[in-house]
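J.: Structure in structure tokens, see below.
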Amino acid sequence: MECELASGGVYVGGPEGYAKVSARQREESKKWQLLLQLDSIQTERYELLWGDEGRIYFYIRIDDLKALHFEDCWLILQCY
């Protein structure tokens, strides 16, 4: 849902963006697929952090993935 709303220009940095989700947006949100997830890593020798030990998610529309069109992927950063 976040990808569908944000790619359509809706601010989703707070609950207000989700308050008025239309039936069309709900249906379109089902067309998004998780493509890649990158977690933060902390070891004694290596550290790779996304925000405060967060994760990065790359989403793509299923039709774009089938057609190998990666230019419209959507990135989401979530951190703790």
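The numbers here are math on the coordinates, done by the rules we state, and not lab data. Remember, predicted model here, so these are calculated numbers, not experimental data. Backbone-built Cβ (ideal geometry, glycine too); neighbour counts: all protein chains shown.
J.: Give the share of C-alpha pairs in each 10 angstrom bin for region 40-80, from 0 to the last occupied bin, in whole percents, shortest bins first.
T.: All Cα pairs considered, the percentages come to 28, 32, 27, 13, 0.
J.: Where the only charges are on Cβ atoms (+1 Lys, Arg; -1 Asp, Glu), what is the dipole of region 34-80 about its Cα centre, to the nearest 20 debye?
T.: It comes to approximately 120 debye.
J.: Moving on. Tally Lys and Arg at +1 and Asp and Glu at -1 over the other residues with C-beta under 12 Å from the C-beta of G17: what net charge comes out?
T.: -2
J.: Right, something else. Please list the radius of gyration and Dmax for the chain, considering alpha-carbon atoms only, with Å as the unit.
T.: In order Rg, Dmax, the Cα atoms of the chain give 14.8, 49 Å.
J.: Hey, what did the chain get for relative contact order, percent, Cα under 8 Å, at least 6 apart?
T.: It rounds to 25 percent for the chain.
J.: Under the 0.36 nm per residue contour assumption, what length would be gained going from the current alpha-carbon distance of Y11 and W74 to full extension?
T.: Extra length available between Y11 and W74 comes to 21.3 nm.
J.: Using the Cα centre of the chain as the reference point, and only Cβ charges (+1 on K/R, -1 on D/E), how large is the resulting charge dipole? Debye, rounded to the nearest 20.
T.: About 360 debye.
J.: So what J values fall out for region 24-37 if you push phi through Karplus, 6.51 cos²θ - 1.76 cosθ + 1.60 with θ = phi - 60°, rounded to Hz, Gly and Pro as x?
T.: Calculated HN-Hα couplings, in order: 5, 5, 4, 5, 5, 5, 6, 8, 9, 10, 5, 9, 7, 10 Hz.
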